[in-house]
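S.K.: Take a look at the following structure, please.
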Amino acid sequence: MSKMTPQEMARQIGGGLLSFPVTPFKADLSFDEATYRSNMDWLCGYDVAGLFAAGGTGEFFSLTPSEVPQVVKVAVEETRGRVPVLAGTGYGTAIAREIAIGAEKAGADGLLLLPPYLTHSEQDGLAAHVEAVCASVKIGVIVYNRDNAILQPDTLARLADRCPNLVGYKDGIGDIELMTRVYTRLGDRLTYVGGLPTAETFALPYLDMGVTTYSSAVFNFVPEFATSFYAAVRRRDHQAIHAGLRDFILPLIAIRNRKKGYAVSIIKAGMKVIGRDSGPVRPPLTDLTEQELAELAALVAKLPLTAAQQAAE
């Protein structure tokens, strides 16, 4: 069980960079626990405010409900309290509650509630879904506003009144007007997380709207770049931000946009590029081609060397 209150967890993640570690798979697509432990330990060595186990980049959608708590348990064991671990949950309400309960038992400090499976719902139905998940656990819950689960400010306000452990709002649609209305209505009642792919492109304008943190997928394989970029955002260093976008993020997005599902696949490919091969993606996703992998490797190679790399040369 988590030793953090929902409010403590929310404050912690709101003050720094967040990331969603990939879930490594073996050639037969089973969970590669040893590689996951190694990756989690390595990522904890960087300045990160929270890690989301079995999240979107962690291929939550391809994991079974029983695999999610298993992945979370390993993440909790390997981070050893160094950073908060939050778990993904989702699908229909009954399955989302089951996963949430399992993740809490596995030691998760919080939950990210992903959109319900496939169906579109009215605000009352979405509210009932969120409330049911919140009521099933004591740890903090962050709602992910995207796709078929777009909560309006009035709905969020009602949920915030009824659910003390609803502590976060992650935006995945990029509607600036809606984001402004949400923040104006809820203020500091919630912690706000930027969740657009790729979040770095929206980080600076969102900071001005009260979104102090975002989830960086590239932190998985270029953590030095990701943390440096986040620091530039927080100090509003426009020159450094635009250089990072021009030289790395936008070229990476150009590769990512070539095929559907590459938002996850390109991060797995990045792990291979840096020598932390975390296996293939599970279907229905597809891996990058060899040519695309080479392009990504060339892009990573152009990044400035870290102090450790310079010392090794």
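The values are calculated or read from the model by the stated rules, or taken from the named source; none is laboratory data. Quick caveat, the model's predicted, so the values are computed rather than measured. Here the Cβ is made from the backbone with ideal geometry for all residues, glycine too, and neighbour counts use every protein chain on show. Quick note on the areas: whole protein, heavy atoms, side chains included, nothing else; ligands and nucleic acids left out. Shrake-Rupley method; radii C 1.70, N 1.55, O 1.52, S 1.80 Å.
S.K.: Name the helices (runs of 4 or more DSSP H) wholly within segment 1-98 that hold at least 1 residues that are of a type in the set (Gly, Ala, Ser) and touching a helix residue (DSSP H, G or I) at 6+ places or on another chain (Cβ under 9 Å)?
M.R.: So the answer is 33-43, 67-79.
S.K.: For the condition buried (at least 21 other Cβ atoms within 10 Å of the Cβ) and more than 14 Å from the chain's Cα centre (by Cα), what is the one hit in Gly140, Gly195?
M.R.: The unique qualifying residue is Gly140.
S.K.: Okay, next question. Could you grab me the full set of residues in segment 99-109 that are in contact with a helix residue (DSSP H, G or I) (Cβ under 8 Å, 6 or more places away or on another chain) and open to solvent by less than 30 Å² (accessible area, probe 1.4 Å)?
M.R.: The answer is Ile99, Ala100, Gly102, Ala103, Ala106, Gly107, Ala108, Asp109.
S.K.: With (1) of a type in the set (S, T, N, Q); (2) closer than 27 Å to Ser216 by Cα; (3) without any contact (Cβ under 8 Å) to a residue 40 or more places away in the chain as the list, and Thr155 as the residue in question, which single condition is left unmet?
M.R.: (2)
S.K.: Looking only at segment 222-240, count every residue that is closer than 14 Å to Thr198 by Cα and touching a helix residue (DSSP H, G or I) at 6+ places or on another chain (Cβ under 6 Å) and tell me the total.
M.R.: The number of residues fulfilling the criteria is 2.
S.K.: Which count do you get for residues in segment 245-289 that are out of contact with any Phe, Trp or Tyr (no Cβ under 9 Å at 6 or more places or on another chain), part of a loop (DSSP other than H, G, I, E, B) and basic (Lys, Arg)?
M.R.: 3
S.K.: A further question follows. How about segment 121-136: which of its residues are closer than 26 Å to Phe20 by Cα and touching an Asp or Glu at 6+ places or on another chain (Cβ under 9 Å)?
M.R.: The answer is Ser136, and nothing else.
S.K.: Can I ask one more? If you go through segment 144-171, how many residues are closer than 21 Å to Gly14 by Cα, assigned to a helix (DSSP H, G or I) and out of contact with any Lys or Arg (no Cβ under 6 Å at 6 or more places or on another chain)?
M.R.: Residues flagged as closer than 21 Å to Gly14 by Cα, assigned to a helix (DSSP H, G or I) and out of contact with any Lys or Arg (no Cβ under 6 Å at 6 or more places or on another chain) within segment 144-171 amount to 3.
S.K.: What's the number of the condition Tyr214 fails, among (1) in a helix (DSSP H, G or I); (2) touching a residue at least 60 places away in the same chain (Cβ under 8 Å); (3) in contact with a strand residue (DSSP E or B) (Cβ under 6 Å, 6 or more places away or on another chain)?
M.R.: Looking at each condition in turn, Tyr214 falls short on (1).
S.K.: I'm trying to understand the selection: among the residues of segment 25-46, which are farther than 17 Å from Gly270 by Cα, open to solvent by less than 60 Å² (accessible area, probe 1.4 Å) and of a type in the set (A, V, I, L, M, F, W, C)?
M.R.: The answer is Leu29, Phe31, Cys44.
S.K.: Looking at segment 239-252 only, could you name the residues that are open to solvent by 10 Å² or more (accessible area, probe 1.4 Å) and farther than 13 Å from Phe202 by Cα?
M.R.: Result: Gln239, Ala240, Ala243, Arg246, Asp247, Pro251.
S.K.: Being open to solvent by 10 Å² or more (accessible area, probe 1.4 Å) and closer than 14 Å to Tyr91 by Cα is the filter here; which residues of segment 110-124 pass it?
M.R.: Leu114, Pro115, Pro116, Tyr117, Leu118, Thr119, His120, Ser121
S.K.: In segment 158-176, what residues are among the charged types (D, E, K, R) and at pLDDT below 95?
M.R.: Asp175
S.K.: Counting only residues that are in contact with a strand residue (DSSP E or B) (Cβ under 6 Å, 6 or more places away or on another chain) and of a type in the set (Ser, Thr, Tyr), how many does segment 158-191 have?
M.R.: Here the count works out to 2.
S.K.: Just give me the residues in segment 198-219 being open to solvent by 10 Å² or more (accessible area, probe 1.4 Å), among the hydrophobic types (A, V, I, L, M, F, W, C) and farther than 15 Å from Asp237 by Cα, in sequence order.
M.R.: Met209, Ala217
S.K.: Looking at (1) in a helix (DSSP H, G or I); (2) on the phi > 0 side of the Ramachandran plot, which is the only condition Arg236 fails?
M.R.: (1)
S.K.: Has segment 2-24 got at least one residue that is farther than 19 Å from Ile139 by Cα and open to solvent by 60 Å² or more (accessible area, probe 1.4 Å)?
M.R.: no
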